[in-house]
Amino acid sequence: MRLLYARPVKAPWCGAYVLHFLTGLLFYPLGYLFAARPVASAVAPRIPWWAVGTIYGAVTWLWAVYVMAHLVAGLPAFFGFSEFTWVALVGHLLFGWVAAAVIRWRLG
């Protein structure tokens with residue numbers, strides 16, 4: 001059986017992985033449930049769930065690539081608009097749609 005990581009992960013990166021995992025697993029869906037969904041219902045009650053998920057995904061992408069990556073971690077703003085920028089956008093949009101779909105499915 002081969003191990004996934006052959007060498008130990010350094011402490012700063014380990015914290016970043018844990019933070020990213022917890023954010024995606026716990027805080028991201030809770031943010032949609034308790035922030036994006038109620039705001040969308042109050043501001044534009046007829047907006048479809050997938051549009052709210054799209055907006056939520058785009059906002060979290062902006063937060064991730066500008067605030068967290070640039071202002072907190074010191075990386076170039078929007079990762080210098082490299083390929084990773086657009087991969088991150090697609091990932092955040094997909095996560096926004098999945099969070100919206102699952103919450104709509106579970107809560108109606």
From the phi angles alone, apply the Karplus equation (6.51, -1.76, 1.60; θ = phi - 60°) to segment 59-67 and give each ³J(HN,Hα) in whole Hz, x where the residue is Gly or Pro.
5, 5, 5, 4, 4, 5, 7, 9, 5
Quote to one decimal, in nm, the extra length available between Ala73 and Ala16 on full extension: 0.36 nm per residue of separation minus the C-alpha distance between them.
19.5 nm
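Bear in mind these aren't lab numbers, they're just calculated from the coordinates by the rules spelled out. This one's a predicted model, so the numbers in the text were calculated from it and none came from an experiment.
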